[in-house]
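Quick notes on the structure that follows.
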Amino acid sequence: MELEIIKGVGKKTVSLLNNLNIYNVNDLVEDYPFRYDIIRFGTLNDTIKEYGYIECEIVTYPKSVMIRRNFSKLSFDASIGDDFIHVNIFNRPFLKQTLKLNDTVVLYGKYDKLKNTFLASNIFFDKKNNTIEPIYHLTEGVTENLMRKLISSALSMPIEVIDYIPDSINKKYKLIDKKEALNKIHKPQTINDVKQAKLKLIYEEFFKFMFKVNYLKIKEKKANGIQRKLDEKTSSKYFDLLPFTMTEDQLKACKEIYDDMSSETRMNRLVLGDVGSGKTVVAAYAIYLNYLSKHQTAFMAPTEILAIQHYKSLTKLFKGTKMNIELLTGHMTKKEKNNIYDRLKNHDIDLVIGTHALISEEVTFDNLGLVITDEQHRFGVLQRNNLENKGTRPDVLYLSATPIPRTYALTIYGDTDISIIKTKPKGRKEIITKVVKEKDIKYAYNIIQEELNNDHQVFVVSPLIDNPESELTSVNELKGVLDKEFPNYTIGIIHGKLKQEEKDIIMNEFLNNKIQILISTTVIEVGIDIPNSTIMMIYNAERFGLATLHQLRGRVGRNDLQSYCLLVSNKDNQRLKVMEESNDGFYITEKDFEMRREGDLFGTVQSGDMVFKIGDIRENIKILMQCKIDSEEFITSNEYKEYDIYQQIINEISFLN
């Protein structure tokens, strides 16, 4: 169903929703909240130490005062029962016309008992006590209220909702109806509503995923591969190109790749490595073997800036060979693209590195023998296989920096062969990780200043872009604080609401040291190498999973310089101590699985790296493992043949047959 059938939705709103990958009504109702706010009105004493909501009545006319340019204060007195307080809120001068005498409003903020002043970060007219509000990922022009209104309107319409969970399993686990789950996930009345809805929707998402994995594993035989004539002596010349000696894990992965590519079956291998473990050098070995057998290689990266990084590093690595290497991205001119298309078709290019531009219809190869996808979880199955289908059974190599334990990796990636790289290249120093209380923030600033003095660069991460209702520190707040603390340095901001072009520009400026301090959300969790960056400071670190913290930490320490990770948190958190004691991503991920609770429904939960809408492989691993078992039984019993929807799914993945 088209979005325009929703009342009040026109072309402009459709365009804004498209920016959130919402193209129809089903996409809209399946755009799930990433967290929830619990609205509970408290007393003044409840808000002395922590931010909270209070309901009050305005008893004096609001006054607005300009403190300095672009900084104003709005003040008024209010009553809460028999108590009277003074209220201040900054940079909200427009509220003066809205707030009326005797109005009842809800304030969110903190109370200073000594001064009898409530410092509000926001004022609301429509908040209700003991309610649960969903919080969505947004884009410029789409507010929380608009998103809630549109979803509510869509759910009130007679839309077709497909339940992918077989009847027998719905009955077995007493899962609620799909339409009921959608209503409860978006408009919960109780915490239990959220739990019921999440269980249903996470199970459905994982079951569909595991059905595809297990169907391919159980029903399909390994495809015949490219017949190559390789010999170890010639292949070993690759190692002479390297200015360093590979680690034991890297060498083992290379041996596994050699065995795959010299066999009669098609390679389908995942190189799973910790951050900074040197996966690209291993992938380059596969490229070299493919080049020796006179086949072409396509290397797809999730972002243009990563593609450029790979292009530069691989061009330098293969300088001593006659390999022709080119870069193909969406921002090239039509003339530049056409030139590359022609040269690929004529086999004048041996290795092409690019983004999604590689899967466009215009791209054809003369003899594609190897497809590599970096951070493969960032691409949909169809995208990856559109590229793979450009050759006749090319070998496939996936790269991932998510250090998943082997048991879970085998579950998630099905019959894919897995090479694991744990050891780090020699010469890299362990990152020193420290938990810092906000009262000791000067200690962190002193370390940052020392590194800036040495012309090094700094990452600063916040869980939020901007949210005046939250006690968490946002990127915009940090910009103001750090501008004052480090006035002689250029500070930039990057976050998920920016367009990809804007992100690329900012990251390029950071790469070229035009920006010395980069404030970001977790969009830099997996990204470009900035060898000159030596500090990763993460605010409200307790709000992130261990695996996410480790991925963020991996943005620094990618050189022989001493690097630091500073975890800013006012809460004593056992998980953060794990970060202090270890730099081993696999150990940390194991600990993350052990220490996770059933799920932090109401925190700033960071979804994992997989492309699931609501499931998180780290947080919901037990559900995923059960879906593996259930989907295997569903297939082997042939029950799936009774469902038209699963026949459609099989047709969708038939290109892998």
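The values are calculated or read from the model by the stated rules, or taken from the named source; none is laboratory data. Bear in mind the structure is a predicted one, so any value in this text is a computation, not a measurement. In this analysis, Cβ positions are derived from the backbone assuming ideal geometry, glycine residues included, and neighbour counts consider all displayed protein chains.
For the stretch 474-489, the set of residues classified as crowded, with 19+ Cβ neighbours inside 10 Å and at pLDDT below 85 consists of 474, 475, listed by residue number. Within the stretch 618-657, the set of residues being at pLDDT 90 or above, more than 26 Å from residue 268 (Cβ to Cβ) and acidic (Asp, Glu) comprises 639, 642, 644. For the stretch 1-44, a tally of residues being more than 24 Å from the chain's Cα centre (by Cα), within 23 Å of residue 132 (Cα to Cα) and touching a residue at least 40 places away in the same chain (Cβ under 8 Å) returns 5.
Of all residues in the stretch 102-119, those that are outside any strand (DSSP E or B) have Cβ atoms under 7 Å from Cβ atoms of residues that are buried (at least 19 other Cβ atoms within 10 Å of the Cβ) and not charged (D, E, K, R), 6 or more apart or on another chain, in 102/58; 103/58; 116/85.
Taking the residues in the stretch 536-575 that are among the hydrophobic types (A, V, I, L, M, F, W, C) and more than 20 Å from the chain's Cα centre (by Cα) as candidates, determine which candidate is nearest to residue 464 (Cα to Cα). Here the residue is 568. Note on the stretch 34-50: residues that are among the hydroxyl-bearing types (Ser, Thr, Tyr) and either surrounded by fewer than 16 Cβ atoms within 10 Å (Cβ to Cβ) or in contact with a Ser or Thr (Cβ under 6 Å, 6 or more places away or on another chain) (or both) amount to 1. Identify, please: which residue in the stretch 120-132 is among the aliphatic types (A, V, I, L, M) and either in a loop (DSSP other than H, G, I, E, B) or without any contact (Cβ under 8 Å) to a residue 40 or more places away in the chain (or both) and is, among those, farthest from residue 43 (Cα to Cα)? Here the residue is 123.
Going by the conditions given, is residue 127 surrounded by 15 or more Cβ atoms within 10 Å (Cβ to Cβ), touching a helix residue (DSSP H, G or I) at 6+ places or on another chain (Cβ under 9 Å) and at negative phi?
Answer is no for this residue.
Listed here are the residues, each with its yes/no results for (1) at pLDDT 95 or above; (2) assigned to a helix (DSSP H, G or I); (3) over 27 Å from residue 490 (Cα atoms).
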{"position": "409", "(1), (2), (3)": "no, yes, yes"}
{"position": "412", "(1), (2), (3)": "no, yes, yes"}
{"position": "418", "(1), (2), (3)": "no, no, yes"}
{"position": "423", "(1), (2), (3)": "no, no, yes"}
{"position": "428", "(1), (2), (3)": "no, no, yes"}
{"position": "441", "(1), (2), (3)": "no, yes, no"}
{"position": "449", "(1), (2), (3)": "yes, yes, no"}
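Got at least one residue in the stretch 518-538 being over 23 Å from residue 439 (Cβ atoms), assigned to a strand (DSSP E or B) and among the hydrophobic types (A, V, I, L, M, F, W, C)? Scanning the stretch 518-538, I find at least one residue that is over 23 Å from residue 439 (Cβ atoms), assigned to a strand (DSSP E or B) and among the hydrophobic types (A, V, I, L, M, F, W, C), so the answer is yes. Considering each residue of the stretch 79-90 in turn, none proves to be under 30 Å from residue 544 (Cα atoms) and in contact (Cβ under 8 Å) with a residue 40 or more places away in the chain.
Screening residue 139 with (1) modelled with pLDDT under 95; (2) assigned to a helix (DSSP H, G or I) gives one miss only, at (2). Identify, please: which residue in the stretch 597-617 is surrounded by fewer than 19 Cβ atoms within 10 Å (Cβ to Cβ) and of a type in the set (D, E, K, R) and is, among those, modelled with the highest pLDDT? Of everything passing the filter in the stretch 597-617, 613 is modelled with the highest pLDDT. In a residue-by-residue description of the stretch 146-165, the property of being under 30 Å from residue 62 (Cα atoms), part of a loop (DSSP other than H, G, I, E, B) and not hydrophobic (A, V, I, L, M, F, W, C) applies to no position.
Number of residues in the stretch 49-73 that are of a type outside the set (Ser, Thr, Tyr), part of a strand (DSSP E or B) and closer than 26 Å to residue 131 by Cβ: the value is 6.
Residues in the stretch 475-497 that are touching an Asp or Glu at 6+ places or on another chain (Cβ under 9 Å) and free of Cβ contacts under 8 Å to residues at least 24 places away in the same chain: 2 in all. Checking 63, 110, 73, 96 one by one, the residue that is within 33 Å of the chain's Cα centre (by Cα) and over 30 Å from residue 615 (Cα atoms) is 110 and no other.
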